[in-house]
């Protein structure tokens, strides 16, 4: 994964400085089971479960990758490393679809 490689090789001590911003062309709808995202320019539709919705909310709140992963770990009672791995995977998928972009503070 692109994000994982960059984090592991180029920024090991700056991981908490990575934030993501939402693409203004991404329109979302939350529901009990998760989230639906419409990329309005592309006309593409994406769905995510509750965990994905929690990650999206973290992006909306301008939380860092580490803060989002900690929240997932706490909310779903999973090991921190697992939560971080899954958060990175989901963020990478969102980034590939141009639904988010990364910022380094």
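The values are calculated or read from the model by the stated rules, or taken from the named source; none is laboratory data. Model, not experiment: these values are computed from the prediction. All Cβ positions, glycine included, derive from the backbone under ideal geometry; neighbour counts span all protein chains shown.
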Top-ranked residue of the stretch 1-22 - restricted to ones that are exposed (fewer than 13 other Cβ atoms within 10 Å of the Cβ) and within 15 Å of residue 59 (Cα to Cα), ranked as modelled with the highest pLDDT: 21
Pairs, first at positive phi in the stretch 16-37, second surrounded by fewer than 16 Cβ atoms within 10 Å (Cβ to Cβ) and in a helix (DSSP H, G or I), C-beta under 6 Å, six or more apart: 34/50
Lone qualifier among 52, 58, 71 - being buried (at least 17 other Cβ atoms within 10 Å of the Cβ) and in contact with a strand residue (DSSP E or B) (Cβ under 8 Å, 6 or more places away or on another chain): 52
Count of the stretch 79-93 residues which are buried (at least 16 other Cβ atoms within 10 Å of the Cβ) and free of Cβ contacts under 8 Å to residues at least 60 places away in the same chain: 6
Residues that are part of a loop (DSSP other than H, G, I, E, B) and loosely packed, with under 12 Cβ neighbours inside 10 Å, drawn from the stretch 23-39: 24, 32, 33
Test: residue in the stretch 40-58 that is within 16 Å of residue 18 (Cβ to Cβ), in a helix (DSSP H, G or I) and modelled with pLDDT under 95: no
